[in-house]
Amino acid sequence: MNTTSHDPAPTGSRVLRGPFRPGDKVQLTDPRGRLNTIVLAPGDQFHTHKGWIEHDDLLGRPAGVTVHSTAGVEFQAMRPGYEDFVLSMPRGAAVIYPKDAALITTMGDVFPGSVVVEAGVGSGALTLALLRAVGDHGRVLSFERRQEFADIASGNIADFFGSPHPAWSCTVGDLAEELPRALEAGEADRVVLDMLAPWECVDVAADALTAGGMLIVYVATASQLSRTAEAVRSTNRFAEPRALESMVRDWHLEGLAVRPEHRMIGHTGFLLFARRMDEGVEPLERSRRPQGSTPDEEDLDAWFEPEITESAIGQRTAPPKRLRKLGRAAGSRARVEAAQDGAATDEAATEGAVTGEAVPQEEVTDDTRED
């Protein structure tokens, strides 16, 4: 018998086990496969054109049960997995999809107890995966230029784990200015850059990384990828970078009718991985650089024209009014739990590790998503 003692239950495990409780997110699936994500609260109802469902009919029951609406339609009730949560949570900007987050944490070798720097927290989708990977004894230091995004991410993290995560902190400001103040040189095991111009932060990332640490960059376009790779090489502080992308395709399974689904998640972004050399040690030179791969002046001009903006690369950010609404929507679990404790205050709902003033919270509406 194994008598090895273990740490108490890690952050987030409580909300993934046991019966449904107030504040839990529940994913309801109808007979046609349509998904609806709701936040349980005593006395509330989920309304649909197929009747409504009392939240009280789910509270206290285990995941994996079915419940009938007032119109007699049967719904399947499950806790949302990581993928479901990310695709249904309040989002103010484009997120790093689960397929890319999986590659970042696995091929980026993010290990328990590691120190990870994340630049560009967005709505917190990647942050959730990083926090799971580093565990309670690691550290994820996020840097975000916009307070609105930091507030949304803080609420989503508290919803996902059931409380603010002890390993997470978020600084609102510019990475190049704030990172040297937050972390000693050589203290980071991994640095993840998710920004429009990551080549501007390669040097500060190299300063923060320990020898053998890894720089991970997520970009949307090939021109961003090319410019970032050349910036990494030009420092002479990283081994040869590796670039890849992932594509995921579901399959239709029904008897002998087994075929690819008509829709798939194709290109979402490129990932670049580069290992940090020890200080003062130059990387091995490539034995042969393919002819024509060295950029000339015209190629360099193409990097700067047109200007790299969110609209230029096909990304969209919600307008300010929408961002404020999303900030109020994130953190719904804390509000419901606080209401159950008789202390439903805005301060309790937005408590977290974000540097800066949080946006006040309000009641969240049911979030509906259809595959």
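The values are calculated or read from the model by the stated rules, or taken from the named source; none is laboratory data. Just so it is clear, the model here is predicted, and its values are computed rather than measured. No Cβ is skipped: glycine too gets one built from the backbone with ideal geometry, and neighbour counts run over all protein chains shown.
Miscellaneous remarks
- Filtered residues of segment 206-223 (kept if outside any helix (DSSP H, G or I), surrounded by 20 or more Cβ atoms within 10 Å (Cβ to Cβ), among the aliphatic types (A, V, I, L, M) and in contact with a strand residue (DSSP E or B) (Cβ under 7 Å, 6 or more places away or on another chain)): Leu209, Met214, Leu215, Ile216, Val217, Val219
Quick grid of which residues meet (1) in a helix (DSSP H, G or I); (2) in contact with a Phe, Trp or Tyr (Cβ under 7 Å, 6 or more places away or on another chain); (3) buried (at least 21 other Cβ atoms within 10 Å of the Cβ):
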| residue | (1), (2), (3) |
| --- | --- |
| Leu131 | yes, yes, yes |
| Val140 | no, yes, yes |
| Gly155 | yes, no, yes |
| Ser163 | no, no, no |
| Pro166 | no, no, no |
| Thr171 | no, yes, yes |
| Glu177 | yes, no, no |
| Pro180 | yes, no, no |
| Gly186 | no, no, no |
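- Matching entry among Ser226, Ser246, Ser234 (being out of contact with any helix residue (DSSP H, G or I) (no Cβ under 7 Å at 6 or more places or on another chain), crowded, with 16+ Cβ neighbours inside 10 Å and not basic (Lys, Arg)): Ser226
- Residue selection: Pro198 satisfies the criterion of being modelled with pLDDT of 95 or more and over 23 Å from Pro112 (Cβ atoms).
- The single condition among (1) at pLDDT 95 or above; (2) more than 16 Å from the chain's Cα centre (by Cα); (3) farther than 17 Å from Ala9 by Cβ that Ala129 does not meet is (2).
- Arg233 at pLDDT 95 or above, among the basic types (Lys, Arg) and assigned to a helix (DSSP H, G or I): yes
- Here the strands (runs of 3 or more DSSP E) wholly within segment 33-104 that include at least 2 residues being within 24 Å of Thr127 (Cβ to Cβ) are 35-39.
- Residue in segment 191-198 that is crowded, with 24+ Cβ neighbours inside 10 Å, in contact (Cβ under 8 Å) with a residue 60 or more places away in the chain, farther than 19 Å from Arg276 by Cβ and in the same structural domain as Asp100 (by TED's automatic domain parsing) present: no
- Answer from Gly12, Gly51 - the residue that is in contact (Cβ under 8 Å) with a residue 24 or more places away in the chain, surrounded by 12 or more Cβ atoms within 10 Å (Cβ to Cβ) and not hydroxyl-bearing (Ser, Thr, Tyr): Gly12
- Considering residues of segment 260-272 that are over 19 Å from the mean Cα position of the chain (by Cα) and surrounded by 10 or more Cβ atoms within 10 Å (Cβ to Cβ) only, the residue modelled with the lowest pLDDT: Met264
- Against the criterion of being assigned to a loop (DSSP other than H, G, I, E, B), at pLDDT below 95, within 24 Å of the chain's Cα centre (by Cα) and within 22 Å of Ser163 (Cα to Cα), Ala9 qualifies.
- Flag if Arg286 is at pLDDT 65 or above, surrounded by 10 or more Cβ atoms within 10 Å (Cβ to Cβ), touching a Phe, Trp or Tyr at 6+ places or on another chain (Cβ under 9 Å) and more than 28 Å from Asn156 (Cα to Cα): no
- Exclusive hit being buried (at least 20 other Cβ atoms within 10 Å of the Cβ) and in contact (Cβ under 8 Å) with a residue 12 or more places away in the chain, set Ser88, Ser123: Ser123
- Matching option when the condition is farther than 30 Å from Arg263 by Cβ and touching a His at 6+ places or on another chain (Cβ under 8 Å), among Ala206, Ala167, Ala185: Ala167
- Subset tally (residues that are touching an Asp or Glu at 6+ places or on another chain (Cβ under 8 Å) and closer than 20 Å to Asp189 by Cα) for segment 111-136: 12
- Selection of segment 73-95 for residues being among the small types (Gly, Ala, Ser), at pLDDT below 95 and within 18 Å of Arg34 (Cα to Cα) yields Gly81, Ser88.
- Every residue from segment 236-269 that is among the β-branched types (Val, Ile, Thr) and in a strand (DSSP E or B): Val248, Val258, Ile265
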